[in-house]
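The values are calculated or read from the model by the stated rules, or taken from the named source; none is laboratory data. Model, not experiment: these values are computed from the prediction. Quick reminder, even Gly has a Cβ in these numbers, built from the backbone with ideal geometry, and neighbours come from all protein chains shown.
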Amino acid sequence: MSVPVVAVVGRPNVGKSTLLNRIVGRREAIVEERPGVTRDRKAVDAEWRGRPFIVMDTGGFIATEEGLDAEVSRQSVRAIEDADAVVMVVDVTVGVTTEDEQVAALLRGRDIPVFVVANKVDDTNRENDAWAFLSLGLGDPHPISALHGRRTGDFLDVLVDALPPEEDDADEGDEEREEILSVAIVGRPNVGKSTLFNKLDRAERSVVHDLAGTTRDTIDTVIETESGPVRILDTAGMRRRGKIDVSTEYYSVVRALRAIDSADVVLLVIDALIGVTHQDQRLAERASISGSPVVVLLNKWEAADADQRELVSEQVDDRLKFLPNAKVLKISALTGKGTHKIIDALLDTADTYHRRIPTAKVNEVLRQAQAHQPAPAGARVLYATQGATDPPTFTLFANRRLPPTYLRYLERKLREAFAMGDTPLKLRVRARRE
């Protein structure tokens with residue numbers, strides 16, 4: 001990559017996410033005054049003094065061999081291995097801990113720049129305490145306050161000076177990233193979104209654990225396909241509003257909804273062993289309202305018996321009938337069965353989502369449709385044009401108001417003629433008189 005990656009690591013609750021938010025100048029990572037809020041790796045674009053780089057936030061490192069904490073710690077190790085520079089955050093109000101020493105042991109001797117940032121130095125009285133971290137053997141500590149911004153600019157000056165030289169094609173890379181297809185993976189908690197994300201990413205970037213609500217933030221990565229790069233966003237599981245009683249989970253849901261709104265395609269993951277729930281319906285409605293096409297994934301299909309498979313298929317037809325043309329894939333994120341079809345389905349759906357159809361062809365299809373079945377009460381489309389894409393939006397100029405049933409008929413004819421598949425279509429009618 002032409003843009004260097006800076007990993008932010010350290011034990012829990014030292015201010016890693018606060019520092020990331022300070023660097024990028026907005027609340028990108030979820031921050032709360034208790035350990036364990038960040039669990040996955042999260043990559044965010046940043047810039048300082050005109051130099052772009054990527055900040056990789058990580059969960060807190062905890063020395064343990066099993067359970068969720070161990071998996072979170074392994075994510076920190078993977079971030080270090082992928083990074084061009086590492087920022088180790090420590091808490092000056094606590095001093096050097098055993099876990100600080102264990103993180104430092106992972107970093108010593110690496111052939112990349114490593115910086116110790118002594119956080120929570122809110123005033124000059126705390127600056128001398130930062131020197132205790134010289135014992136970590138990683139050079140002079142940089143005293144800052146991520147919360148208040150104190151001396152963070154001085155540290156960023158040192159950081160960007162140590163990054164690898166910029167490559168000549170950096171600007172071209174920026175343009176390419178802006179055109180990358182964006183795909184959001186959504187679903188209820190514990191339906192297998194992160195397992196699917198890791199299967200697509202092939203790098204186990206998200207923490208996968210049998211505890212509902214493991215993913216707290218929206219995690220994204222870019223994967224290369226035969227048809228070009230695709231950005232995959234793994235979102236937090238969304239519960240009913242009445243069950244969202246923790247501020248961290250509230251912000252997780254806000255970011256997940258933002259991911260849906262910005263995505264080109266939405267992957268709705270449904271647990272085939274449970275079936276289509278009311279919350280699945282709400283998520284599908286939210287994705288549909290955003291205007292993005294939806295691909296439905298029935299996960300854990302291989303574990304369902306024949307009766308359950310029949311029931312789930314009927315529920316999809318009934319409870320998701322407002323997505324009548326959505327592709328439905330039956331997969332196992334755990335074993336990978338059926339997941340090879342996902343990328344092709346995404347690319348095909350996205351191509352239709354961005355398609356622009358010549359005006360002459362649009363009008364020819366509508367003329368034939370009206371000749372075959374005229375509208376009631378003498379209503380007629382005089383002229384039509386595609387006014388927008390994402391999703392394809394057609395403006396119909398009519399002599400009078402068109403009944404909803406006839407509009408659905410015209411939509412079906414347009415969809416069939418141009419192989420629009422599962423992509424949402426919008427028809428806007430401008431009538432001479434009502």
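Of all residues in segment 83-96, which are buried (at least 17 other Cβ atoms within 10 Å of the Cβ) and over 31 Å from the mean Cα position of the chain (by Cα)?
The first filter runs over segment 83-96 and keeps only residues buried (at least 17 other Cβ atoms within 10 Å of the Cβ), leaving 83-92.
Within segment 83-96, 92 is the sole residue that qualifies.
For residue 84, work out the one condition from (1) more than 18 Å from residue 114 (Cβ to Cβ); (2) touching a Pro at 6+ places or on another chain (Cβ under 7 Å); (3) modelled with pLDDT of 85 or more it doesn't fulfil.
(1)
Here are some conditions: (1) closer than 23 Å to residue 224 by Cβ; (2) within 19 Å of the chain's Cα centre (by Cα). Residue 280 meets all but one. Which one does it not meet?
Among (1) closer than 23 Å to residue 224 by Cβ; (2) within 19 Å of the chain's Cα centre (by Cα), residue 280 violates only (1).
Counting only residues that are surrounded by fewer than 17 Cβ atoms within 10 Å (Cβ to Cβ) and more than 17 Å from residue 288 (Cα to Cα), how many does segment 414-427 have?
3
I'd like to check something: does segment 208-218 contain any residue that is under 15 Å from the mean Cα position of the chain (by Cα), within 30 Å of residue 300 (Cα to Cα), assigned by TED's automatic domain parsing to the domain that holds residue 298 and at pLDDT 70 or above?
No, because not a single residue in segment 208-218 is under 15 Å from the mean Cα position of the chain (by Cα), within 30 Å of residue 300 (Cα to Cα), assigned by TED's automatic domain parsing to the domain that holds residue 298 and at pLDDT 70 or above.
Identify the residue in segment 352-376 that is modelled with pLDDT under 90 and assigned to a helix (DSSP H, G or I) and, among all such residues, is surrounded by the most Cβ atoms within 10 Å (Cβ to Cβ).
Step by step, filter segment 352-376, then rank; the result is 353.
Give segment 118-131 a look and list any residue that's surrounded by 15 or more Cβ atoms within 10 Å (Cβ to Cβ), assigned to a helix (DSSP H, G or I) and of a type in the set (A, V, I, L, M, F, W, C), or say none.
The answer is 130, and nothing else.
When residue 99 is evaluated against the numbered criteria (1) free of Cβ contacts under 8 Å to residues at least 24 places away in the same chain; (2) surrounded by 13 or more Cβ atoms within 10 Å (Cβ to Cβ), which criterion, by number, is the only one it fails?
(1)
Among the candidates 304, 345, single out the residue that is over 29 Å from residue 400 (Cβ atoms) and under 20 Å from the mean Cα position of the chain (by Cα).
345 is the lone residue from the list that is over 29 Å from residue 400 (Cβ atoms) and under 20 Å from the mean Cα position of the chain (by Cα).
For the subset of segment 377-405 comprising residues that are surrounded by fewer than 16 Cβ atoms within 10 Å (Cβ to Cβ) and aromatic (Phe, Trp, Tyr), which member is nearest to residue 417 (Cα to Cα)?
The extreme case among them is 383.
Suppose we filter 432, 412, 400 for residues that are under 36 Å from the mean Cα position of the chain (by Cα) and not polar (S, T, N, Q); which single one remains?
Going through 432, 412, 400 in turn, the sole match is 412.
Scan segment 420-434 residue by residue and report those that are modelled with pLDDT of 85 or more and within 25 Å of residue 264 (Cβ to Cβ).
427, 428
Being within 30 Å of residue 328 (Cβ to Cβ), within 35 Å of the chain's Cα centre (by Cα) and β-branched (Val, Ile, Thr) is true for just one of 405, 385, 393. Which residue is that?
Just one listed residue meets the conditions, 393.
Among the residues of segment 19-29, which ones are at pLDDT 85 or above and either touching a strand residue (DSSP E or B) at 6+ places or on another chain (Cβ under 8 Å) or under 18 Å from residue 80 (Cβ atoms) (or both)?
19, 20, 23
This table checks each residue for (1) in a helix (DSSP H, G or I); (2) modelled with pLDDT under 90; (3) under 24 Å from residue 223 (Cβ atoms); (4) in the same structural domain as residue 415 (by TED's automatic domain parsing).
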position: 287; (1), (2), (3), (4): yes, yes, yes, no
position: 298; (1), (2), (3), (4): no, no, yes, no
position: 321; (1), (2), (3), (4): no, yes, no, no
position: 325; (1), (2), (3), (4): no, yes, no, no
position: 338; (1), (2), (3), (4): no, no, yes, no
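Would you check which residues across segment 145-165 are surrounded by 13 or more Cβ atoms within 10 Å (Cβ to Cβ) and in contact (Cβ under 8 Å) with a residue 40 or more places away in the chain and list them?
Correct list: 146, 147, 152, 155, 156, 159, 160, 162, 163, 164.
Taking residue 334 as meeting all but one of (1) within 30 Å of residue 405 (Cα to Cα); (2) touching a Ser or Thr at 6+ places or on another chain (Cβ under 9 Å), write down the number of the exception.
The failed condition is (1).
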